[in-house]
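The values are calculated or read from the model by the stated rules, or taken from the named source; none is laboratory data. Just so it is clear, the model here is predicted, and its values are computed rather than measured. Heads up, the Cβs are rebuilt from the backbone with ideal geometry, glycines too, and the neighbour counts pull from every protein chain shown.
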Ligand SMILES: Nc1ncnc2c1ncn2[C@@H]1O[C@H](COP(=O)(O)OP(=O)(O)OP(=O)(O)O)[C@@H](O)[C@H]1O
Ligand SMILES: [Mg+2]
């Protein structure tokens, strides 16, 4: 689930000199979050996972983060703004590299050459090639020590849940492009299910529904904002719907037109993703031993931006009987977990032991 890279000698030298600059990075589809340990807190930097590239040479990066995000949908002809990750998977190594380098610059206050160690969280089902790509990017960018760990494990550590015990912990991470269900016991991942959908798909479904219902085309960004404002998922105790207004373009007249989006519309748009999640959860539970079931009953946390949809906690309990807690910091908890490991790699020691036993 992890691997070490880099020049140990330099690290030892720095340690002797008392230098220790460590960063944790959650490389996400929509947001990349950098956490830098600072006393017993973290300095956090949220960077949109967007890069602006030349159209004829997509490996030529012109802008990263906020600046590139502002260009989405409104770039001149020869420039495109793109996301280096799609559905949690790296689409372009060159673009991911510029995003990672930019994140390291931000996190280190432009003192990248002082970074000893970075820990990067990537999806639990990432391939060896993807893992290796992230490690290579990190070392190439100047970190003397790069560790890649599963986002699920990082989330559990960030949330302060026990990972070393045999009794088990479960993390459900519902992000923008992908969602993971991860079961952890004895410091290692004992089961994982990944679905390649998340909040992005809800936004796309909202756009589709509005088009069908009102013959009005709205932007993805407007759909996302409406989702965040009034979003919910269906449950037995559906809350009273609330509404928001969005301006789109009438398909018939091409004129701007106001449409009302309510919680029920968002819940309908979210339903295919929620159903997929519930099916995956059922598979995980089907495979789980009674011992682990008893552990995760008291220790399941839901993280990721999409976990904030109203009614999700209730719906999961209704469907699979597992009481869950929604994280208080769903969009930064993975980064915090990676930063904890960066500051103290021994946090993972039980996992090392477990690997050695295999
Ligand atoms: N209050 C909210 N209610 C519902 N959804 C939200 C809310 N806030 C953010 N989101 C959604 O959360 C998603 C982003 O979450 P997160 O930052 O965890 O994703 P990510 O880590 O970039 O993606 P991934 O893990 O899939 O690579 C987006 O789809 C966003 O619209
Ligand atoms: Mg994520």
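Here are the numbers for the structure shown:
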{"item": "Residue list for the range 312-328, restricted to those being touching a residue at least 40 places away in the same chain (Cβ under 8 Å) and either away from ligand 1 (no atom under 11 Å from the Cβ) or over 26 Å from residue 264 (Cβ atoms) (or both)", "result": "314, 315, 316, 318, 319, 320, 322, 324"}
{"item": "Hits in the range 280-292 - residues which are out of contact with any helix residue (DSSP H, G or I) (no Cβ under 7 Å at 6 or more places or on another chain) and touching a residue at least 60 places away in the same chain (Cβ under 8 Å)", "result": "280, 283, 284, 287, 288, 291, 292"}
{"item": "Hits in the range 262-279 - residues which are surrounded by fewer than 18 Cβ atoms within 10 Å (Cβ to Cβ) and touching a strand residue (DSSP E or B) at 6+ places or on another chain (Cβ under 6 Å)", "result": "262, 276"}
{"item": "Matching entry among 107, 124 (being over 12 Å from residue 32 (Cβ atoms), surrounded by 19 or more Cβ atoms within 10 Å (Cβ to Cβ) and under 20 Å from the mean Cα position of the chain (by Cα))", "result": "124"}
{"item": "Test set (1) assigned to a loop (DSSP other than H, G, I, E, B); (2) in contact with a strand residue (DSSP E or B) (Cβ under 9 Å, 6 or more places away or on another chain); (3) farther than 17 Å from residue 175 by Cβ - residue 126 fails condition number", "result": "(3)"}
{"item": "Hits in the range 300-314 - residues which are more than 16 Å from ligand 2 (Cβ to nearest atom) and surrounded by fewer than 22 Cβ atoms within 10 Å (Cβ to Cβ)", "result": "310, 311, 313, 314"}
{"item": "Test: residue in the range 86-98 that is more than 15 Å from ligand 1 (Cβ to nearest atom), surrounded by 18 or more Cβ atoms within 10 Å (Cβ to Cβ), part of a helix (DSSP H, G or I) and touching a residue at least 24 places away in the same chain (Cβ under 8 Å)", "result": "yes"}
{"item": "Number of the exception - residue 186 against (1) farther than 29 Å from residue 300 by Cα; (2) assigned by TED's automatic domain parsing to the domain that holds residue 318", "result": "(1)"}
{"item": "Test: residue in the range 207-224 that is touching a helix residue (DSSP H, G or I) at 6+ places or on another chain (Cβ under 6 Å), in contact (Cβ under 8 Å) with a residue 12 or more places away in the chain, assigned to a loop (DSSP other than H, G, I, E, B) and within 21 Å of residue 313 (Cα to Cα)", "result": "no"}
{"item": "Some residue of the range 46-66 being more than 16 Å from ligand 1 (Cβ to nearest atom), closer than 15 Å to residue 335 by Cα and in contact (Cβ under 8 Å) with a residue 60 or more places away in the chain", "result": "no"}
{"item": "Within the range 176-196, tally of residues that are crowded, with 23+ Cβ neighbours inside 10 Å, near ligand 1 (Cβ under 10 Å from one of its atoms) and either outside any strand (DSSP E or B) or modelled with pLDDT of 95 or more (or both)", "result": "2"}
{"item": "Options 134, 34: the member that is assigned to a strand (DSSP E or B) and under 23 Å from residue 332 (Cα atoms)", "result": "34"}
{"item": "Residues satisfying the stated conditions in the range 135-145, i.e. crowded, with 23+ Cβ neighbours inside 10 Å and in contact with a strand residue (DSSP E or B) (Cβ under 6 Å, 6 or more places away or on another chain)", "result": "138, 143"}
{"item": "Residue match in the range 104-111 (condition: within 22 Å of residue 333 (Cβ to Cβ) and not in a helix (DSSP H, G or I))", "result": "yes"}
{"item": "Qualifying residue in the range 72-82 (condition: outside any strand (DSSP E or B), more than 13 Å from ligand 2 (Cβ to nearest atom), closer than 17 Å to residue 121 by Cβ and without any contact (Cβ under 8 Å) to a residue 40 or more places away in the chain)", "result": "no"}
